[in-house]
Amino acid sequence: MLVHLGWHPLSRAPPFEQGATCSGWKRSVQGSCPMAPQYAPSLRSRLAPLLLFLQIGFVVIFAFCIEIESNIKADGTTFSSFYPEFQDVNAMVILGFGFLCTFLVRYGYSATGFNLLVAVMAIQWAIILRGMESWYYRGKIRVDLRSLVVAEMCTASALISIGAVLGKTNPVHLVLIGLLEVSGFVLNEWLLQVLLKVPTENSIMLLHVFGAFFGLTLTWILFREGSLQPFEKEKFDRQTGLFSMLGSLFLWMFWPSFNSVLVDNDFPWRKLGAVCSTYLALAVSAVTASAMSMLSSPRGKLNPIRMQSCILAGGVAVGVSMSAVRQPWEAMTIGFTAAVVSTAGSQCLKTHMLLAFECHDTCAVLSTHGLPGLLGWLAHLLLQIKACDDHTTAIRFAVFHICTLLLTIAVSLSMAVLTGFLLKWNLWRPPQDKKCFDDQAFWEFPHLAVNK
Amino acid sequence: MLVHLGWHPLSRAPPFEQGATCSGWKRSVQGSCPMAPQYAPSLRSRLAPLLLFLQIGFVVIFAFCIEIESNIKADGTTFSSFYPEFQDVNAMVILGFGFLCTFLVRYGYSATGFNLLVAVMAIQWAIILRGMESWYYRGKIRVDLRSLVVAEMCTASALISIGAVLGKTNPVHLVLIGLLEVSGFVLNEWLLQVLLKVPTENSIMLLHVFGAFFGLTLTWILFREGSLQPFEKEKFDRQTGLFSMLGSLFLWMFWPSFNSVLVDNDFPWRKLGAVCSTYLALAVSAVTASAMSMLSSPRGKLNPIRMQSCILAGGVAVGVSMSAVRQPWEAMTIGFTAAVVSTAGSQCLKTHMLLAFECHDTCAVLSTHGLPGLLGWLAHLLLQIKACDDHTTAIRFAVFHICTLLLTIAVSLSMAVLTGFLLKWNLWRPPQDKKCFDDQAFWEFPHLAVNK
Amino acid sequence: MLVHLGWHPLSRAPPFEQGATCSGWKRSVQGSCPMAPQYAPSLRSRLAPLLLFLQIGFVVIFAFCIEIESNIKADGTTFSSFYPEFQDVNAMVILGFGFLCTFLVRYGYSATGFNLLVAVMAIQWAIILRGMESWYYRGKIRVDLRSLVVAEMCTASALISIGAVLGKTNPVHLVLIGLLEVSGFVLNEWLLQVLLKVPTENSIMLLHVFGAFFGLTLTWILFREGSLQPFEKEKFDRQTGLFSMLGSLFLWMFWPSFNSVLVDNDFPWRKLGAVCSTYLALAVSAVTASAMSMLSSPRGKLNPIRMQSCILAGGVAVGVSMSAVRQPWEAMTIGFTAAVVSTAGSQCLKTHMLLAFECHDTCAVLSTHGLPGLLGWLAHLLLQIKACDDHTTAIRFAVFHICTLLLTIAVSLSMAVLTGFLLKWNLWRPPQDKKCFDDQAFWEFPHLAVNK
């Protein structure tokens, strides 16, 4: 409450002046300043042992189970044709997702730093989990560029989930979410393959739907009363908006690689199709998102943060429906619809989700990944049915396709509930409302050290 | 005038304080505050319908005319050897050009956001226009990575034009400029091919000259009295200068891809030559631009914005003369001269252009693209003449080469005049002088919403 | 004088307020304002002639000695498989190293701009020096992508050295350091090859050790009394920390390319091994650096700048030991140890180095490159000994390996001493203590010009 009153002047002052302001407000809020450190309990005794324990565990597992693939064609084309796309996906996961969330005015370090931390933990864990089967049958897991890329895509689904709870959690939470989400996602992929014979390329692409529903359930379970009014620091400013634009453009630019990287190199025309379709869908969705953002705003202006996430909707939707898209115009129509749905969702649903369903969705993952993902799934269904010659095949496919979605959502929700209850444990020291969306809870700024 | 007096306090205040300052100045400028919204007329009724109409039109055209190339070599080398360069050019067009213009202290969102918007509209339009001939003869336009890259390069020429009018126009203007400029550029390429048999690689590389002259003519036609004193917000600060440096380095790094991407893969030594020449020319022009910037400054200091654009001059000049450059030192000499010309141009010409010719050139496209482009054309001429054995061939080539330039400039100027008169129409709601170079005319900031 | 006294309040004010503050402090420091320019002596008469002289010299040398490799396989696979990795290394050298040092709150332009300047000078010089042998025997130096990449890696070693002296030197110093360091590094590579038959891939990878010791010796020789208390502007803030994070992530992402680019394309499995090992080592070192940073901080918080450099330690160490790493877990263990050593080093050694050895190490190159480099060398030794069958070979290898390191350090130290004494010459106008870490000594800001 106190800090609330003190907020308005603070929000204009550069961060390192906080120490000074503290004394300035001493008269009115006497006694609260010395207690400030208690609001952001140190995570040293939680995060550091957890990270070291997990990391040493991973090294031990890698030592016993994992070797690098040595059976590569000697002409090297497989490697060299795959490597640039691997780097594009890497840039998306590390830079794109990291900087997309820097729009929060005082949470930039956490957004990029914890994104990196969760990503590298989840990638190692995904490599291990996805190799379990191979380890069971052959005693060894072989790693090559493709398995790294698939691990990065599993990680992307964890990073999407994290977007929903960002700012209201601490890095211990985020690492646990990352590992459990990836476990759920790999389990889902395995179930889809075993039960419904869904090929890997298609099941991986459901990462948007899986990640979004996981994140939403999680933020619903972790709901705190304080979310009902806007958090003091949950806003953007001119500079952080530009950093966020940078992350968004990185995702936008490299999305064609994201959607085409798993397409087999032996079918270059399918790969070209994936690249061109994604590219055109993204172009259409950038235009449509701008138009819709302007139409839906009460003052007829563009909302930068909304636009930044909605221009990506086309890439999400086309990714999910990739294997059924044949013509550029199909991709473009999907991109158009995805941008409309995404803008409408982020305009209308965000407040409703918060008030009616107690879901506080920091980075709007529902409208950026959830709704376009569902739309992509629907487009896949319609396009595939249109391509079927007879009714029997069409109905059969529809049943399979619906089961795929239901199973994915079921696994996503159940893992999220499990994760949510684990995280509600106070052992992990959740940040208090006043320290939400604030880097200073976790990061050391030299100014404070000097001023004190 | 009023706002000038009122500027100093504003320039230190974060954007969301404007509302507050407004009341502070009420006594002296009574009555102007309530009218403020009228200064930035909403573009909802202009931009949104225009974008939706054009975008739906493009989707329909794509549905009827465009298919993805399916005739690709099965070994996939064509695809995988082309894809990284495609992504480099993509990064230049979307990130490089977008962030290059973020130096304007309050125009960062517009610079990056509208750059993306114009780029994606122009790319779709360029794909359609450049496929017209194929559509006429075969009924279908085939899209592959090469046609996407060429479309991006046409778009680059539109983005150069936009650099000249940035800040003094609204997004409706920019989209119209983008589409008309691309139409003119494709027309020019077609005329050059039909009349003078100029190969595509060479005519595309004239994009710098075409774009610069188009932009300059446009800014001359759209000249407003208010440009004679410096605009209040037409300046940079420490942070925006770094964003701009980021964009500039993206352009600098990937310029070798830009110049070599259209060289046929079947001649890898020509491709290597293009990459190495561009790389060395850029290196020389970075050094020379620093030295010249220091020599020409009255205080012997470097001007960051000038340096950021002049380090690119070598890439522009070598790009235009690419097909005649054989030796690294030729490229380096061209880079050296280009940096000298570009720095001298941006030092001396900018004010003269404004006062004598009423050309207000926001991003200095004349000295960044125009002059180095002309220099590259001249270098091409000289190198080609030097390589000719006999006088007849040399003179013949010179005549052809001069005609190429004259035709390009003629098409550029006439399209620009046409575009300029279309844009002068008040229907498009041009921003008023006080709202120039200001994101708040087009973008919604949450601070304002909260304060009101 | 005035401006000096007036500095503390200034350091919080945005740059364009300086003019105003100057008059505000007039009473206490009367008369000193007009003398201000003398504190930052113009470098026009030093830097510009030096750059132009060197650049023209380079162009002349290139004209007589250098041609582009024309003997390339016609299928183009060599070119197209190498180009993406070349661009990754390019992005690391130009963007990564440049933005890594932008954390200094008022030195962002210098960090990125001078990084570019030194890089392009050093690359040209490295191409010339490394081609001397070929020029001696064949009269011509042939340039291809591989020689550009090797030149960039030599440049990287110069950029590491520069990290140690950044902020306390002027661009003339930096250019001289760049050229002399590259000369020393190429000399070292040649000596290693001639005396000890060390292959190029291994000797190049010692760039981290060479660069770090060169930089440390240099900063020891150039030590100034003023470094004993912290410089006023040697700190970071929220925005500059994010720019620095961007640079750090660029280095992190593309490090696999850096370590694998020199591995011969004919052995794709070795290339894959290099990529996967580096990737896993970087992942482990990101996790470990976070945990260690939290453990070692007195408040249990993460230090952003320390973390940004320590996440790279794994890449450094694995790079140096690359040719002996066979299994992923070896790389991961090296990454783990490197992060521990690097964090411990940056926590404990920085102050000791300053007070005991009078080494002021701006960007902590000792703990980022020096210690992990030595660790990588040690890991190489141990792994190679483990792989040896008999004692004789092992001892022989150990002797060779120790000689390699000693020679490298000897060349590094002697070149650094030479360079240091050259730079102590007052002719180069070193910046005064008060102007250290300040862009305004070298860069022109429009605000100042307008206010005066």
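Bear in mind these aren't lab numbers, they're just calculated from the coordinates by the rules spelled out. What you are looking at is a predicted structure, and each value in this text was computed from that prediction instead of being measured. Neighbour counts run over all protein chains shown; Cβ positions are idealised from the backbone, glycine included.
Summary of values
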{"item": "Modelled FRET efficiency - R0 25 Å, B:LEU427 with A:ARG299, Cβ distances, 0.05 increments", "result": "0.75"}
{"item": "11 Å beta-carbon shell around A:GLU444, net charge (K/R +1, D/E -1)", "result": "+2"}
{"item": "For B:ASP438, A:ASP88, order by how many other beta-carbon atoms lie within 10 Å, fewest first", "result": "B:ASP438, A:ASP88"}
{"item": "Distant-in-sequence amide H partners of A:LEU302 (H built 1.01 Å from N, under 5 Å)", "result": "B:TRP443, B:GLU444"}
{"item": "Rounded, prolate or oblate (a/c below 1.5 giving rounded, otherwise prolate when a/b exceeds b/c) for region A:352-423 by Cα gyration tensor", "result": "prolate"}
{"item": "Cβ neighbours within 10 Å from other chains - mean over A:320-328", "result": "2"}
{"item": "Spacing of the two label points (7 Å from each Cα toward its C-beta) at C:PHE53 and A:CYS348, in nm", "result": "7.3"}
{"item": "Pairwise label distance in nanometres, B:ALA63 with C:PHE64, each label 7 Å out on the Cα-Cβ vector", "result": "6.9"}
{"item": "For C:ILE56, A:ILE127, order by how many other beta-carbon atoms lie within 10 Å, fewest first", "result": "C:ILE56, A:ILE127"}
{"item": "Cα centroid separation, region C:216-240 to region A:403-421 (Å)", "result": "53"}
{"item": "Region C:277-386: C-alpha gyration tensor shape, a/c 1.5 cut-off, then a/b vs b/c", "result": "oblate"}
{"item": "Net charge over other residues, Cβ less than 15 angstrom from the Cβ of B:LEU427 (K, R count +1; D, E count -1)", "result": "+4"}
{"item": "Residues in region A:157-192 that a label on A:LEU355 would reach, taking backbone N under 13 Å of a point 7 Å out along Cα→Cβ", "result": "none"}
{"item": "Partner lysines for B:LYS424 [C-alpha distance under 26 Å; skip if fewer than 8 residues away on the same chain]", "result": "A:LYS301, B:LYS168, B:LYS233, B:LYS235, B:LYS350, B:LYS434, B:LYS435"}
{"item": "Per-residue ³J(HN,Hα) for region B:113-124, Karplus 6.51 cos²θ - 1.76 cosθ + 1.60, θ = phi - 60°, Hz, x for Gly and Pro", "result": "x, 6, 4, 4, 4, 5, 4, 6, 5, 5, 5, 4"}
{"item": "Amide H partners (placed H, <5 Å) of A:GLU234, local residues excluded", "result": "none"}
{"item": "Relative contact order (%) - criterion: Cα under 8 Å, at least six apart; region: region C:340-452", "result": "15"}
{"item": "Alpha carbon centroid spacing (whole Å) that separates region C:333-388 from region C:47-114", "result": "28"}
{"item": "Packing-based ranking, highest mean first, of B:299-307, C:401-409 given that Cβ atoms within 10 Å are counted", "result": "B:299-307, C:401-409"}
{"item": "Backbone HN-Hα couplings from phi across region A:258-266 [Karplus 6.51/-1.76/1.60, Hz, Gly and Pro as x]", "result": "4, 7, 9, 5, 8, 5, 4, 5, 6"}
{"item": "Space enclosed by the convex hull of the alpha-carbon atoms of chain B, per residue, Å³", "result": "156"}
{"item": "Globularity ratio of the protein assembly as shown, using Cα Rg and 2.2 N^0.38 Å", "result": "0.87"}
{"item": "Square roots of five times the Cα gyration tensor eigenvalues for region B:52-156, Å", "result": "28, 19, 9"}
{"item": "For B:ILE141, residues with placed amide H under 5 Å, excluding near neighbours", "result": "B:ILE66, B:GLU67"}
{"item": "Cβ neighbours within 10 Å from other chains - mean over B:63-71", "result": "5"}
{"item": "If the convex hull is drawn through the Cα atoms of region B:160-261, its volume per residue in Å³", "result": "117"}
{"item": "Region C:115-171: trypsin sites (Lys or Arg not before Pro) in DSSP coil with no more than 13 other Cβ atoms inside 10 Å", "result": "C:LYS140"}
{"item": "Residues of region A:347-385 with amide N under 17 Å of a point placed 7 Å along Cα→Cβ from A:CYS403", "result": "A:381"}
{"item": "Peptide B:106-118 - average C-beta neighbours from other chains (10 Å radius)", "result": "5"}
{"item": "Förster radius 35 Å - calculated FRET efficiency between B:HIS391 and B:ARG146 (Cβ-Cβ, nearest 0.05)", "result": "0.40"}
{"item": "Average Cα contact separation per residue, chain A, under 8 Å, 6 or more apart, as relative contact order %", "result": "23"}
{"item": "Helix-derived mean residue ellipticity, 222 nm - over chain A, DSSP H n ≥ 4, -39500 (n - 2.57), to 500", "result": "-22500 deg cm²/dmol"}
{"item": "Overall form of region A:205-270 per C-alpha gyration tensor (a/c, 1.5; a/b vs b/c)", "result": "oblate"}
